[in-house]
Amino acid sequence: MTTTRILVTGGAGFIGSHYARTLLGPDGPPDVAVTVLDKLTYAGNPANLDEIRDSDGFAFVRGDICDPELVGRLVSDHDQIVHFAAESHVDRSILGADAFVRTNVLGTQTLLDAALRHGLGTFVHISSDEVYGSIPEGSWPETDPLLPNSPYAASKAASDLIALAYHRTHGLDVRVTRCSNNYGHHQFPEKVIPLFVTRLLDGQPVPLYGDGLNVRDWVHIDDHVRGIELVRTGGRPGEIYNIGGDNELSNRELTGLLLDECGADWDMVTYVEDRKGHDRRYSVDFSKIRDELGYVPRKELAAGVAETVDWYRTHRPWWEPLVPEAGRQAA
Ligand code: NAD
(Lines give C-alpha, C1' and ligand atoms only; values in the text may rest on other atoms or scores of the structure.)
Protein backbone atom coordinates (compact mmCIF):
# COMPACT_ATOMS: atom_id res chain seq x y z
CA MET A 1 0.00 0.00 0.00
CA THR A 2 1.42 3.42 -0.91
CA THR A 3 1.57 5.91 1.92
CA THR A 4 0.23 9.42 1.29
CA ARG A 5 2.47 11.92 3.06
CA ILE A 6 0.33 14.81 4.28
CA LEU A 7 1.71 18.11 5.49
CA VAL A 8 -0.75 19.57 8.01
CA THR A 9 -0.05 23.25 8.63
CA GLY A 10 -1.34 24.72 11.89
CA GLY A 11 -1.67 21.20 13.25
CA ALA A 12 -0.98 22.26 16.84
CA GLY A 13 -4.10 24.46 16.90
CA PHE A 14 -7.72 23.64 17.68
CA ILE A 15 -8.98 22.14 14.42
CA GLY A 16 -5.64 21.14 12.85
CA SER A 17 -4.68 19.05 15.86
CA HIS A 18 -8.05 17.31 15.82
CA TYR A 19 -7.52 16.56 12.14
CA ALA A 20 -4.01 15.14 12.79
CA ARG A 21 -5.23 13.09 15.77
CA THR A 22 -8.11 11.75 13.68
CA LEU A 23 -5.92 10.77 10.73
CA LEU A 24 -3.49 8.89 12.96
CA GLY A 25 -6.12 7.60 15.39
CA PRO A 26 -7.79 4.17 15.42
CA ASP A 27 -10.44 5.17 12.85
CA GLY A 28 -8.09 7.05 10.52
CA PRO A 29 -7.10 5.87 7.04
CA PRO A 30 -4.42 3.14 7.05
CA ASP A 31 -2.22 4.72 4.42
CA VAL A 32 -1.20 8.18 5.64
CA ALA A 33 1.81 9.79 7.27
CA VAL A 34 1.36 13.21 8.86
CA THR A 35 3.85 16.00 9.37
CA VAL A 36 2.58 18.95 11.38
CA LEU A 37 4.18 22.29 10.53
CA ASP A 38 3.31 24.86 13.17
CA LYS A 39 4.90 28.08 14.37
CA LEU A 40 3.48 27.58 17.88
CA THR A 41 2.01 31.04 18.23
CA TYR A 42 -0.03 31.70 21.38
CA ALA A 43 -2.73 29.50 19.77
CA GLY A 44 -0.53 26.50 19.02
CA ASN A 45 -0.05 23.97 21.78
CA PRO A 46 2.28 20.95 21.51
CA ALA A 47 0.17 19.18 24.16
CA ASN A 48 -2.62 18.94 21.57
CA LEU A 49 -0.48 16.38 19.76
CA ASP A 50 0.53 14.24 22.76
CA GLU A 51 -1.91 11.49 21.78
CA ILE A 52 -0.17 10.85 18.46
CA ARG A 53 3.39 11.96 19.21
CA ASP A 54 4.66 8.36 19.19
CA SER A 55 2.51 7.16 16.29
CA ASP A 56 4.14 5.67 13.22
CA GLY A 57 4.21 8.22 10.45
CA PHE A 58 3.96 11.29 12.69
CA ALA A 59 6.45 14.15 12.64
CA PHE A 60 6.37 17.64 14.07
CA VAL A 61 8.26 20.63 12.70
CA ARG A 62 8.21 23.98 14.43
CA GLY A 63 8.33 26.67 11.77
CA ASP A 64 6.62 29.47 9.93
CA ILE A 65 4.59 28.95 6.76
CA CYS A 66 6.00 32.29 5.58
CA ASP A 67 9.53 30.79 5.47
CA PRO A 68 10.03 29.80 1.79
CA GLU A 69 13.18 27.77 2.40
CA LEU A 70 11.67 25.61 5.14
CA VAL A 71 8.35 25.30 3.33
CA GLY A 72 10.07 24.29 0.07
CA ARG A 73 12.07 21.59 1.83
CA LEU A 74 9.00 20.16 3.56
CA VAL A 75 6.71 20.33 0.55
CA SER A 76 9.24 18.47 -1.61
CA ASP A 77 8.89 15.52 0.81
CA HIS A 78 5.09 15.41 0.86
CA ASP A 79 2.24 14.44 -1.47
CA GLN A 80 -0.54 16.65 -0.12
CA ILE A 81 -1.12 19.70 2.08
CA VAL A 82 -4.06 20.34 4.37
CA HIS A 83 -3.63 23.98 5.29
CA PHE A 84 -5.05 25.14 8.62
CA ALA A 85 -2.34 27.55 9.78
CA ALA A 86 -3.79 31.00 10.31
CA GLU A 87 -4.31 33.82 12.71
CA SER A 88 -7.87 32.96 13.61
CA HIS A 89 -9.36 35.38 16.13
CA VAL A 90 -11.53 38.22 14.80
CA ASP A 91 -11.05 40.42 17.89
CA ARG A 92 -7.27 40.28 17.55
CA SER A 93 -7.54 41.26 13.87
CA ILE A 94 -9.45 44.38 14.94
CA LEU A 95 -6.64 45.33 17.31
CA GLY A 96 -4.00 44.77 14.62
CA ALA A 97 -4.13 43.12 11.19
CA ASP A 98 -0.39 42.70 10.44
CA ALA A 99 -0.01 39.08 11.48
CA PHE A 100 -3.29 38.24 9.75
CA VAL A 101 -2.13 39.50 6.39
CA ARG A 102 1.33 37.99 6.80
CA THR A 103 0.28 34.50 7.84
CA ASN A 104 -3.09 34.14 6.17
CA VAL A 105 -2.20 35.74 2.85
CA LEU A 106 1.59 35.60 2.40
CA GLY A 107 1.88 32.28 4.23
CA THR A 108 -0.74 30.69 1.99
CA GLN A 109 0.98 32.04 -1.12
CA THR A 110 4.34 30.69 0.12
CA LEU A 111 2.79 27.22 0.47
CA LEU A 112 1.11 27.44 -2.94
CA ASP A 113 4.38 28.45 -4.62
CA ALA A 114 6.19 25.53 -3.04
CA ALA A 115 3.35 23.20 -4.05
CA LEU A 116 3.66 24.34 -7.63
CA ARG A 117 7.48 24.09 -7.71
CA HIS A 118 7.50 20.58 -6.34
CA GLY A 119 4.54 19.16 -8.28
CA LEU A 120 2.43 18.54 -5.14
CA GLY A 121 -0.82 16.59 -5.46
CA THR A 122 -3.84 17.89 -3.57
CA PHE A 123 -3.81 21.18 -1.60
CA VAL A 124 -6.81 21.52 0.72
CA HIS A 125 -7.22 25.11 1.83
CA ILE A 126 -9.25 25.48 5.03
CA SER A 127 -11.33 28.62 4.91
CA SER A 128 -14.30 30.08 6.72
CA ASP A 129 -17.90 31.13 6.15
CA GLU A 130 -16.86 34.60 7.33
CA VAL A 131 -15.48 35.35 3.85
CA TYR A 132 -19.06 35.82 2.60
CA GLY A 133 -19.84 38.72 4.95
CA SER A 134 -23.21 38.79 6.73
CA ILE A 135 -26.58 37.54 5.48
CA PRO A 136 -29.94 38.63 6.95
CA GLU A 137 -31.85 35.56 5.69
CA GLY A 138 -31.25 32.49 3.55
CA SER A 139 -27.86 30.83 3.15
CA TRP A 140 -24.82 31.35 0.94
CA PRO A 141 -24.04 28.88 -1.83
CA GLU A 142 -20.36 28.61 -2.82
CA THR A 143 -21.04 30.78 -5.88
CA ASP A 144 -21.90 33.87 -3.81
CA PRO A 145 -19.46 36.79 -3.94
CA LEU A 146 -16.97 37.34 -1.12
CA LEU A 147 -17.83 40.40 0.97
CA PRO A 148 -15.70 40.03 4.11
CA ASN A 149 -16.00 42.63 6.83
CA SER A 150 -13.40 42.02 9.55
CA PRO A 151 -9.66 42.11 8.81
CA TYR A 152 -9.60 38.40 9.73
CA ALA A 153 -12.31 37.59 7.19
CA ALA A 154 -10.67 39.78 4.54
CA SER A 155 -7.35 37.99 4.99
CA LYS A 156 -9.08 34.61 4.68
CA ALA A 157 -10.95 35.78 1.56
CA ALA A 158 -7.67 36.95 0.03
CA SER A 159 -6.08 33.57 0.71
CA ASP A 160 -9.06 31.75 -0.84
CA LEU A 161 -8.76 33.83 -3.99
CA ILE A 162 -5.03 33.24 -4.30
CA ALA A 163 -5.47 29.52 -3.72
CA LEU A 164 -8.16 29.32 -6.40
CA ALA A 165 -6.02 31.43 -8.75
CA TYR A 166 -3.24 28.80 -8.51
CA HIS A 167 -5.76 26.25 -9.69
CA ARG A 168 -7.08 28.36 -12.56
CA THR A 169 -3.70 29.68 -13.67
CA HIS A 170 -1.43 26.72 -13.02
CA GLY A 171 -3.79 23.77 -12.75
CA LEU A 172 -2.74 23.03 -9.14
CA ASP A 173 -5.22 20.67 -7.44
CA VAL A 174 -6.58 23.20 -4.92
CA ARG A 175 -9.78 22.46 -2.97
CA VAL A 176 -11.28 25.05 -0.63
CA THR A 177 -13.53 24.35 2.35
CA ARG A 178 -15.58 27.09 4.01
CA CYS A 179 -16.88 26.04 7.38
CA SER A 180 -19.10 27.70 9.93
CA ASN A 181 -18.18 28.24 13.62
CA ASN A 182 -16.51 25.23 15.18
CA TYR A 183 -16.87 24.05 18.75
CA GLY A 184 -15.39 21.19 20.77
CA HIS A 185 -12.49 20.25 23.04
CA HIS A 186 -9.01 21.85 22.79
CA GLN A 187 -10.27 25.26 21.62
CA PHE A 188 -8.20 28.18 22.87
CA PRO A 189 -10.14 29.94 25.66
CA GLU A 190 -10.39 33.28 23.86
CA LYS A 191 -13.19 32.00 21.58
CA VAL A 192 -16.71 32.44 22.86
CA ILE A 193 -17.58 28.89 23.97
CA PRO A 194 -14.37 28.05 25.87
CA LEU A 195 -14.15 31.65 27.14
CA PHE A 196 -17.63 31.47 28.64
CA VAL A 197 -17.23 27.93 29.94
CA THR A 198 -13.87 28.51 31.64
CA ARG A 199 -15.12 31.73 33.21
CA LEU A 200 -18.32 30.09 34.47
CA LEU A 201 -16.35 27.14 35.85
CA ASP A 202 -14.37 29.71 37.82
CA GLY A 203 -17.54 31.48 39.01
CA GLN A 204 -16.82 34.60 36.93
CA PRO A 205 -19.26 36.61 34.80
CA VAL A 206 -19.29 36.31 31.00
CA PRO A 207 -19.29 39.22 28.52
CA LEU A 208 -22.04 39.13 25.87
CA TYR A 209 -21.54 41.44 22.87
CA GLY A 210 -24.20 44.02 21.97
CA ASP A 211 -27.79 42.77 22.12
CA GLY A 212 -26.63 39.14 21.92
CA LEU A 213 -28.69 38.52 18.78
CA ASN A 214 -25.85 37.81 16.36
CA VAL A 215 -26.46 34.41 14.81
CA ARG A 216 -23.88 31.71 14.09
CA ASP A 217 -24.18 28.16 12.79
CA TRP A 218 -22.27 25.82 15.11
CA VAL A 219 -20.51 22.72 13.84
CA HIS A 220 -18.70 20.19 16.01
CA ILE A 221 -15.02 19.61 15.12
CA ASP A 222 -15.72 15.90 14.49
CA ASP A 223 -18.10 16.93 11.70
CA HIS A 224 -15.75 19.57 10.29
CA VAL A 225 -12.85 17.12 10.22
CA ARG A 226 -15.01 14.49 8.50
CA GLY A 227 -16.04 17.07 5.90
CA ILE A 228 -12.40 17.99 5.26
CA GLU A 229 -11.47 14.32 4.81
CA LEU A 230 -14.32 13.86 2.34
CA VAL A 231 -12.99 16.82 0.35
CA ARG A 232 -9.36 15.63 0.50
CA THR A 233 -10.23 12.12 -0.63
CA GLY A 234 -13.21 12.69 -2.92
CA GLY A 235 -13.54 16.39 -3.73
CA ARG A 236 -12.85 17.90 -7.13
CA PRO A 237 -9.87 20.13 -8.00
CA GLY A 238 -10.70 23.82 -8.14
CA GLU A 239 -13.95 23.39 -6.19
CA ILE A 240 -15.19 25.12 -3.06
CA TYR A 241 -17.19 23.20 -0.45
CA ASN A 242 -19.19 24.89 2.31
CA ILE A 243 -19.40 22.87 5.53
CA GLY A 244 -22.11 23.59 8.09
CA GLY A 245 -23.63 22.14 11.22
CA ASP A 246 -27.34 22.99 10.77
CA ASN A 247 -27.29 24.53 14.26
CA GLU A 248 -28.11 28.23 13.98
CA LEU A 249 -28.20 29.96 17.34
CA SER A 250 -28.15 33.55 18.49
CA ASN A 251 -25.35 34.29 20.94
CA ARG A 252 -28.05 34.74 23.57
CA GLU A 253 -29.38 31.22 22.91
CA LEU A 254 -25.85 29.86 23.00
CA THR A 255 -25.22 31.63 26.29
CA GLY A 256 -28.39 30.08 27.74
CA LEU A 257 -27.14 26.60 26.81
CA LEU A 258 -23.74 27.23 28.38
CA LEU A 259 -25.26 28.67 31.55
CA ASP A 260 -27.45 25.56 31.92
CA GLU A 261 -24.53 23.21 31.34
CA CYS A 262 -22.39 25.05 33.89
CA GLY A 263 -25.20 25.34 36.45
CA ALA A 264 -25.18 29.15 36.35
CA ASP A 265 -27.90 31.72 35.67
CA TRP A 266 -28.36 34.98 33.79
CA ASP A 267 -26.99 37.19 36.54
CA MET A 268 -23.57 35.86 35.45
CA VAL A 269 -24.00 37.65 32.09
CA THR A 270 -22.69 41.17 31.49
CA TYR A 271 -23.75 42.90 28.28
CA VAL A 272 -20.70 44.68 26.84
CA GLU A 273 -20.18 47.12 23.96
CA ASP A 274 -20.57 45.33 20.64
CA ARG A 275 -17.56 44.18 18.60
CA LYS A 276 -16.70 46.74 15.89
CA GLY A 277 -18.32 45.82 12.57
CA HIS A 278 -19.87 42.72 14.16
CA ASP A 279 -21.42 40.53 11.43
CA ARG A 280 -25.04 39.87 12.29
CA ARG A 281 -25.63 36.46 10.82
CA TYR A 282 -23.72 33.71 9.02
CA SER A 283 -25.37 30.82 7.23
CA VAL A 284 -23.85 28.49 4.66
CA ASP A 285 -25.76 26.34 2.21
CA PHE A 286 -23.87 23.06 2.41
CA SER A 287 -25.99 21.06 -0.04
CA LYS A 288 -23.03 20.72 -2.44
CA ILE A 289 -20.84 18.67 -0.07
CA ARG A 290 -23.92 16.74 1.05
CA ASP A 291 -24.99 15.85 -2.51
CA GLU A 292 -21.51 15.25 -3.96
CA LEU A 293 -19.69 13.67 -1.03
CA GLY A 294 -22.43 12.49 1.34
CA TYR A 295 -21.53 14.89 4.18
CA VAL A 296 -24.11 15.28 6.92
CA PRO A 297 -23.37 16.76 10.34
CA ARG A 298 -23.86 14.01 12.92
CA LYS A 299 -23.20 15.64 16.27
CA GLU A 300 -26.39 16.74 17.99
CA LEU A 301 -25.80 20.23 19.44
CA ALA A 302 -26.98 19.70 23.03
CA ALA A 303 -24.91 16.52 23.37
CA GLY A 304 -21.89 18.16 21.73
CA VAL A 305 -22.07 21.19 24.03
CA ALA A 306 -22.48 18.97 27.10
CA GLU A 307 -19.42 16.91 26.10
CA THR A 308 -17.43 20.07 25.45
CA VAL A 309 -18.30 21.61 28.82
CA ASP A 310 -17.41 18.34 30.47
CA TRP A 311 -14.02 18.29 28.72
CA TYR A 312 -13.17 21.77 30.05
CA ARG A 313 -14.41 20.76 33.50
CA THR A 314 -12.03 17.79 33.53
CA HIS A 315 -9.06 19.40 31.74
CA ARG A 316 -8.12 22.38 33.87
CA PRO A 317 -4.39 21.70 33.51
CA TRP A 318 -4.83 22.19 29.74
CA TRP A 319 -6.59 25.57 29.87
CA GLU A 320 -5.57 27.26 33.11
CA PRO A 321 -2.08 28.24 31.86
CA LEU A 322 -3.70 29.79 28.75
CA VAL A 323 -6.03 32.12 30.63
CA PRO A 324 -3.70 35.15 30.82
CA GLU A 325 -3.04 35.05 27.05
CA ALA A 326 -6.75 34.63 26.36
CA GLY A 327 -7.25 38.13 27.73
CA ARG A 328 -9.84 37.17 30.29
CA GLN A 329 -8.94 39.99 32.58
CA ALA A 330 -10.16 42.43 29.90
CA ALA A 331 -13.62 40.92 29.60
P1 NAD B 1 -6.16 28.15 15.92
O2 NAD B 1 -5.89 29.59 16.15
O3 NAD B 1 -6.61 27.30 17.06
O4 NAD B 1 -4.87 27.45 15.32
C5 NAD B 1 -4.04 28.05 14.36
C6 NAD B 1 -2.71 27.33 14.35
O7 NAD B 1 -1.89 27.91 13.32
C8 NAD B 1 -1.94 27.45 15.66
O9 NAD B 1 -1.44 26.20 16.05
C10 NAD B 1 -0.80 28.41 15.31
O11 NAD B 1 0.38 28.18 16.07
C12 NAD B 1 -0.60 28.10 13.83
N13 NAD B 1 0.04 29.22 13.12
C14 NAD B 1 -0.32 30.53 13.14
N15 NAD B 1 0.50 31.26 12.36
C16 NAD B 1 1.37 30.37 11.81
C17 NAD B 1 2.45 30.51 10.89
N18 NAD B 1 2.81 31.71 10.39
N19 NAD B 1 3.14 29.42 10.52
C20 NAD B 1 2.81 28.19 11.03
N21 NAD B 1 1.80 28.01 11.90
C22 NAD B 1 1.09 29.09 12.29
O23 NAD B 1 -7.21 28.11 14.73
P24 NAD B 1 -8.38 27.07 14.42
O25 NAD B 1 -9.62 27.53 15.07
O26 NAD B 1 -7.89 25.69 14.65
O27 NAD B 1 -8.56 27.31 12.86
C28 NAD B 1 -7.83 26.54 11.90
C29 NAD B 1 -8.23 26.99 10.51
O30 NAD B 1 -9.63 26.80 10.32
C31 NAD B 1 -7.96 28.46 10.23
O32 NAD B 1 -7.48 28.58 8.91
C33 NAD B 1 -9.31 29.13 10.39
O34 NAD B 1 -9.41 30.27 9.58
C35 NAD B 1 -10.23 28.01 9.90
N36 NAD B 1 -11.59 28.03 10.44
C37 NAD B 1 -11.79 28.10 11.78
C38 NAD B 1 -13.09 28.07 12.28
C39 NAD B 1 -13.37 28.09 13.77
O40 NAD B 1 -14.52 28.20 14.17
N41 NAD B 1 -12.36 27.99 14.64
C42 NAD B 1 -14.18 28.03 11.41
C43 NAD B 1 -13.93 27.96 10.03
C44 NAD B 1 -12.64 27.96 9.57
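With LEU201, LEU195, LEU213 as the choices, which residue is at pLDDT 95 or above, closer than 15 Å to VAL309 by Cβ, away from the ligand (no atom under 12 Å from the Cβ) and surrounded by fewer than 21 Cβ atoms within 10 Å (Cβ to Cβ)?
On the way: LEU195 fails: surrounded by fewer than 21 Cβ atoms within 10 Å (Cβ to Cβ); LEU213 fails: closer than 15 Å to VAL309 by Cβ.
So the residue among LEU201, LEU195, LEU213 that is at pLDDT 95 or above, closer than 15 Å to VAL309 by Cβ, away from the ligand (no atom under 12 Å from the Cβ) and surrounded by fewer than 21 Cβ atoms within 10 Å (Cβ to Cβ) is LEU201.
Evaluated against (1) within 15 Å of the ligand (Cβ to nearest atom); (2) closer than 23 Å to ASP173 by Cα; (3) open to solvent by 50 Å² or more (accessible area, probe 1.4 Å), ASP50 falls short on exactly one condition, (2).
In the stretch 260-277, the residues that are touching a residue at least 60 places away in the same chain (Cβ under 8 Å) reach residues that are open to solvent by 70 Å² or more (accessible area, probe 1.4 Å) and not β-branched (Val, Ile, Thr) with C-beta atoms within less than 6 angstrom, at least six apart or across chains, in these pairs: GLY277/ASN149.
Across the stretch 226-264, what is the number of residues that are of a type in the set (A, V, I, L, M, F, W, C) and in contact with a Pro (Cβ under 7 Å, 6 or more places away or on another chain)? Going through the stretch 226-264 one residue at a time, the tally reaches 0. Against the conditions (1) open to solvent by less than 30 Å² (accessible area, probe 1.4 Å); (2) within 11 Å of the ligand (Cβ to nearest atom), SER88 satisfies every one except (1). Residues that are open to solvent by 20 Å² or more (accessible area, probe 1.4 Å) and of a type in the set (Asp, Glu) were ranked within the stretch 117-150; the one that is nearest to the chain's Cα centre (by Cα) is GLU130.
Considering only the stretch 282-299, state which residues are among the acidic types (Asp, Glu) and either open to solvent by less than 20 Å² (accessible area, probe 1.4 Å) or farther than 21 Å from ASN214 by Cα (or both).
Start the filter on the stretch 282-299 by keeping residues that are among the acidic types (Asp, Glu), which leaves 285, 291-292.
Once the filter is applied, which keeps residues that are among the acidic types (Asp, Glu) and either open to solvent by less than 20 Å² (accessible area, probe 1.4 Å) or farther than 21 Å from ASN214 by Cα (or both), the stretch 282-299 yields ASP291, GLU292.
Using the structure shown, decide if HIS167 is closer than 25 Å to LEU322 by Cα and not charged (D, E, K, R). No; evaluated as a whole, the condition is false for this residue. Each residue in the stretch 15-47 was checked for being within 9 Å of the ligand (Cβ to nearest atom), open to solvent by 20 Å² or more (accessible area, probe 1.4 Å) and either touching a Leu at 6+ places or on another chain (Cβ under 6 Å) or not in a helix (DSSP H, G or I) (or both), and 6 pass. Filter the stretch 151-185 down to residues that are surrounded by fewer than 24 Cβ atoms within 10 Å (Cβ to Cβ) and more than 28 Å from ALA114 (Cβ to Cβ) and give me whichever is farthest from the ligand (Cβ to nearest atom). Only one residue fits best here, namely HIS185. Only one of the listed residues (GLY238, GLY263) is surrounded by fewer than 19 Cβ atoms within 10 Å (Cβ to Cβ), closer than 27 Å to THR9 by Cα and at pLDDT 95 or above. That residue is GLY238.
The values are calculated or read from the model by the stated rules, or taken from the named source; none is laboratory data. Quantities reported herein were computed from a predicted structural model and do not represent experimental measurements. Don't worry about glycine lacking a Cβ; one is built from the backbone with ideal geometry, like all the others, and counts go over all protein chains shown. Note: accessible area is taken over every heavy atom of the protein model, side chains too, but ligands, DNA and RNA are not part of it. Shrake-Rupley method; radii C 1.70, N 1.55, O 1.52, S 1.80 Å.
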